[in-house]
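Engineer: Encoded as structure tokens, here's the structure I'll be asking about.
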Amino acid sequence: MTLVRSPDLAPPDLSAAKRALRAVACQQRGLLAQVAGTAGPAQLLKRFDAAFQPAPATIVSGYWPSRDEIDPRPLMTALHSRGHLCVLPVIAAVQAPLAFRRWAPGDALAPGAFDIPVPPESAPALTPELLLVPLLAFDCTGARLGYGGGFYDRTLDALRAAGPVLAVGLAYAGQRVEGVPCEASDQRLDWIVTEAGAIRAEAS
């Protein structure tokens, strides 16, 4: 699969560069999801297990997949079955970090922002130690292109200021690009796991 190429980064307008890459990356991810089908999430679980052995009862944040994101639910179900505590992100406010509420397979969910299901307000709030992060594109340094809301950047900044946390992007291998346009507030991932393997972020 040909990798998505980053737009020309010479212009000073990083916002324009990100918008251009998002348009291409959205289309590319949709094609990758169609090709991978249900085998993609199954392979993702295998690749994660080969690279990581979280400590017992680690609090893991997943996400509910939308817009052709690679589905983390088989991985989250496996982690839950091994005794890890799973949470899902909740948008508390537009400019705030994400909140996290306890989730288990089969739990009833409530409508959330952007029509993404979330645990109800009655679910316990927990602070994750391992984040599984969706994305549109990534590069070898761990730079991540999201949807532009900055939620994961604010969240990782706050969590990293408070203590150790591991950020693992989940993606299709074909979402890798030569370089993601970055600014000072962008938080890099520690690892990226795809259906083809696990990639440790290189120093930028």
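Engineer: In Å², and per residue, what accessible area does the range 118-159 have when probed at 1.4 Å with the other protein chains present? Before the final figure, lay out each step's value.
Structural biologist: Values: 1410 Å² over 42 residues.
So the range 118-159 comes to 34 Å² accessible per residue, rounded to a whole number.
Engineer: Still on this model: Report, to the nearest whole %, how much of the accessible area of the chain belongs to carbon and sulfur atoms, 1.4 Å probe, protein only.
Structural biologist: 55 percent
Engineer: Suppose a student asked you for the relative contact order of the range 120-204, using Cα pairs under 8 Å spaced at least 6 residues apart; what percent would you report? Before the final figure, lay out the partial values.
Structural biologist: Numbers: 140 pairs, mean separation 31.0, N = 85.
Relative CO of the range 120-204 lands at 36 percent.
Engineer: Right, another one. Show me 87-95, 30-38 ranked by packing, highest mean number of other Cβ atoms within 10 Å first.
Structural biologist: In descending order of packing, they fall as 87-95, 30-38.
Engineer: Expressed in nm to one decimal, what extension gain is obtained for the pair residue 185 and residue 114 from 0.36 nm per residue of sequence separation less their Cα-Cα distance?
Structural biologist: 23.2 nm
Engineer: Okay, moving on. What FRET efficiency comes out for the pair residue 202/residue 51, r = Cβ-Cβ distance, R0 = 22 Å, nearest 0.05? Walk me through the numbers before you get to the answer.
Structural biologist: Working: r = 16 Å, r/R0 = 0.71.
Efficiency at R0 = 22 Å is approximately 0.90.
Engineer: Taking 45 Å as R0, compute the FRET efficiency from the Cβ-Cβ separation of residue 93 and residue 34 and round it to 0.05.
Structural biologist: 0.80
Engineer: To continue, here is another question. From Cα pairs below 8 angstrom and at least 6 apart in sequence, can you work out the relative contact order of the chain, rounded to a whole percent?
Structural biologist: Values: 404 pairs, mean separation 51.9, N = 204.
Reported as a whole number, the value is 25 percent.
Engineer: Right, something else. For the ranges 117-125, 54-62, 97-105, what's the packing order if you count other beta-carbon atoms within 10 Å of each residue, average per peptide, and put the highest first? Each step should come with its number before you reach the end.
Structural biologist: Values: 117-125: 14.6, 54-62: 17.6, 97-105: 19.2.
Highest to lowest by the protection proxy: 97-105, 54-62, 117-125.
Engineer: Here's another thing I want to ask about it. I need two numbers for the range 81-136: Rg to one decimal and Dmax as a whole number, Cα atoms only, in Å.
Structural biologist: 11.5, 34
Engineer: Just to check I understand the Karplus step: with θ = phi - 60° and J = 6.51 cos²θ - 1.76 cosθ + 1.60, what whole-Hz values come out for the range 178-189, glycine and proline as x?
Structural biologist: Per residue, the Karplus-derived 3J(HN,Hα) values read 6, x, 8, x, 10, 10, 4, 7, 6, 9, 8, 7 Hz.
Engineer: Once the principal axes of the Cα atoms of the chain are found, what is the range along each, listed largest first in whole angstroms?
Structural biologist: Largest to smallest, the principal-axis extents are 47, 36, 32 Å.
Engineer: Just report the Cα centroid separation between the range 137-169 and the range 30-83, whole Å.
Structural biologist: 18 Å
Engineer: Only Lys, Arg, Asp and Glu count, each charged at its Cβ (+1, +1, -1, -1), so figure out the dipole size of the chain about its Cα centre, rounded to 20 debye.
Structural biologist: 220 debye
Engineer: Give the share of C-alpha pairs in each 10 angstrom bin for the range 7-119, from 0 to the last occupied bin, in whole percents, shortest bins first.
Structural biologist: 12, 32, 34, 18, 3
Engineer: Where does the charge balance sit around residue 80 when Lys and Arg score +1, Asp and Glu -1, over other residues with C-beta under 11 Å from its C-beta?
Structural biologist: Net of charged neighbours comes to +2.
The values are calculated or read from the model by the stated rules, or taken from the named source; none is laboratory data. Model, not experiment: these values are computed from the prediction. Neighbour counts are summed over all protein chains in view; Cβ atoms, including those assigned to glycine, are modelled from backbone coordinates with ideal geometry. For the accessible areas, the whole protein counts, side chains as well, though only heavy atoms, and no ligand, DNA or RNA atoms are used. Shrake-Rupley method; radii C 1.70, N 1.55, O 1.52, S 1.80 Å.
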